[in-house]
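Engineer: This structure is in structure tokens; I'll ask about it shortly.
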Amino acid sequence: MNTNQGTVYFVMGVSGCGKSSIGEGLANYLQAEFIDGDALHPQSNIEKMRSGLALDDEDRKPWLASIVAKADAISQQRKMVVIVCSALKKSYRDLLRQVSNKVVFIYLKGKQTLIQQRLERRSNHFMPQHLLASQFATLEAPTAAEADVIPIEIDANLEQVLARCINSISRKPALN
């Protein structure tokens, strides 16, 4: 029996850190369902970001509620799911933790200059590059007190970062 049944993996970090690519790769590896949290943003949030404005806590409330509802529904079916979600503030992560007692955050962390370079090469995304600074300003980086967070440095290519994620998950004790 798979001891990770019902586990919800949140791949978190600022825009441009590789959440979607890593999340998809991780979901494939784990044979888990994949959800890109960006797809759950209300249209008003997408329009606000497209117009160059940063989201605030009020904007994020319905988005986080949608993510919680999706994660809860999948976890209740005892299925694994990988969800991409910035989860920039501890209060957001605390809300997401309510989904299940089997929640793991994979925090993709990197220097702002590295992520800015990656954003400059990215196209077809509604998040303008100049909002990266607001993401770093909002970010409350997880501390050691958040035992369910696995920090992963993104200072390597996609395959290496994904391998770091898989190795870290493999070393983590099974969740109850």
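The values are calculated or read from the model by the stated rules, or taken from the named source; none is laboratory data. Everything numeric in this text was worked out from a predicted model, so none of it was measured. Please note: Cβ atoms are built from the backbone with ideal geometry, for glycine as well, and neighbour counts cover all protein chains shown. Areas reflect the complete protein model, heavy atoms only, side chains present, ligands, DNA and RNA absent. Shrake-Rupley method; radii C 1.70, N 1.55, O 1.52, S 1.80 Å.
Engineer: Treating only the Cβ of Lys, Arg, Asp and Glu as charged (+1, +1, -1, -1), what charge dipole size does the chain show about its Cα centre? Round to the nearest 20 debye.
Structural biologist: 280
Engineer: Determine the relative contact order of region 39-148: mean sequence separation of Cα pairs under 8 Å and six or more apart, normalised by residue count, in whole percent.
Structural biologist: In percent, rounded to a whole number, it is 35.
Engineer: Roughly how many Å² is the accessible area per residue of the chain, as a whole number, for a 1.4 Å probe?
Structural biologist: Using a 1.4 Å probe on heavy atoms only, each residue of the chain averages 50 Å².
Engineer: Quickly work out the E146-to-R171 label distance, labels modelled 7 Å from Cα along the C-beta direction, and quote it in nm with one decimal.
Structural biologist: 2.0
Engineer: Would you kindly give the portion of the calculated P(r) for region 1-96 that falls above 17 Å, as a percent of all Cα pairs?
Structural biologist: 51
Engineer: Could you rank R50, R164, R97, R60 by how accessible they are, 1.4 Å probe, largest area first?
Structural biologist: Most to least solvent-accessible, the answer reads R50, R164, R97, R60.
Engineer: List every residue whose amide H lies under 5 Å from the amide H of I106, counting only residues 5 or more places away in sequence or on a different chain, with H placed 1.01 Å from N in the peptide plane.
Structural biologist: Hits under the 5 Å cutoff: F10, V11, M12, I150.
Engineer: Also: Excluding residues fewer than 8 places away in the same chain, name every one of the aspartates and glutamates whose C-alpha is closer than 17 Å to that of K102.
Structural biologist: E33, D72, D94, E146, D148
Engineer: Through the Karplus equation 6.51 cos²θ - 1.76 cosθ + 1.60, θ set to phi - 60°, convert the phi angles of region 77-88 into ³J(HN,Hα) values in whole Hz; use x for Gly and Pro.
Structural biologist: 7, 6, 9, 7, 9, 10, 10, 8, 7, 4, 6, 5
Engineer: Over the chain, what number does the Rg to Rh ratio reach, with both radii from the alpha-carbon atoms and Rh per Kirkwood?
Structural biologist: Reported Rg/Rh, Kirkwood definition of Rh: 0.94.
Engineer: Just name one of L108, A137, G37: the one whose Cα is farthest towards the positive end of the charge dipole of the chain (beta-carbon charges, Lys/Arg +1, Asp/Glu -1).
Structural biologist: L108
Engineer: Determine the alpha carbon to alpha carbon distance for each of K19/K90; K61/K111; K48/K111 and list only those over 20 Å.
Structural biologist: In this structure, K61/K111; K48/K111 lie more than 20 Å apart at Cα.
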